Amino acid sequence: MADSPQVDVVRRFYGARGDLEVIRSVVAEDARWDVTEGFPRGGVYEGLDRILGDFFPFLADFREFGCVGDAYYEDGDQVIVLGRYVGRTAGGVPVTSRFAHFFTLRDGRITQLRQTSDTLPIARALEAGAGTGA
C-alpha cells in the first residue's frame, strides 16, 4: 500500500538527515516545533529560521543521528509517528530512544511538530560521551 501524501512528506523529512535543502522543502516557513523538555535544546520554536538556527544545532553533539519511523498513522492533515532515534554521540556512544511525533501539515508542508520522547537514554549517552575526552 502506498503512503498518503502527508506520510510521504514526513518520510522525506526523516530522510533529510540534516540536509537543509530537503528540510526547507518540507517544512513551512511559519512552522512551530514543540520539543520535550529534557531533550537536547528542548523547548518551543516558532518559524523555520528559529527551528534551524536554535534547535537543529543539537546535532553537533552527535556523529550520527536519525529518526526511524516504526508506525505511521494519518488522519487528514495529521500524521502520528511512533519510532526511535538512533545515533552515536560525538564521543562515540551509541544511543537509541523511543519517540512519538505528532505532525500537522498544510499544503504539503509540515506546519507543526509536537514531540515526546524518552530523553533519559539520550542524556545518559551524552554524559557518557563527555567523559571519553572525545
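Nothing in this text is a laboratory measurement; each read-out follows from the coordinates by a stated rule. The structure presented is a predicted model; accordingly, all values stated were derived computationally and were not measured. Because the Cβ atoms are built from the backbone with ideal geometry, glycine has one as well, and the counts that use them run over all protein chains shown.
Brief remarks on what is shown
- For the chain, built as a Gaussian network whose Cα springs stay under 10 Å, the top-fluctuating residue of D19, D118, D34: D19
- Annotation for the stretch 1-75: trypsin sites (Lys or Arg not before Pro) lying in DSSP loop with at most 15 further Cβ atoms inside 10 Å of their Cβ are R17, R41.
- Put a dot 7 Å past the Cα of T96, heading toward its Cβ, do the same for V68, and the two dots end up 0.6 nm apart.
- Principal-axis tilt of helix 5-16 within the chain, Cα atoms, nearest 10 degrees: 30
- Taking 7 Å steps out from each Cα toward its Cβ at R50 and Q78 produces label points 2.4 nm apart.
- The GluC sites (Glu not before Pro) of the stretch 1-95 include none that DSSP puts in a loop with a beta carbon having at most 14 other beta carbons within 10 Å.
- Note on the chain: Cα Rg divided by 2.2 N^0.38 Å, N the number of residues, gives 1.04.
- Helix 119-130 vs. the chain, principal-axis angle (Cα, 0 to 90°, nearest 10): 40
- Charge-dipole axis of the chain as Lys and Arg at +1 and Asp and Glu at -1 on Cβ define it, positive-most pick from T116, F39, I51: F39
- Think of each Lys and Arg Cβ as +1 and each Asp and Glu Cβ as -1; about the Cα centre, that makes the dipole of the chain roughly 400 debye.
- Per-residue ellipticity at 222 nm, computed for the chain from helices alone with -39500 (n - 2.57) per DSSP H run of at least four residues, works out to -7000 deg cm²/dmol.
- Across G108, G53, G92, mean-square fluctuation computed from a Gaussian network of the chain (C-alpha pairs under 10 Å connected) peaks at G53.
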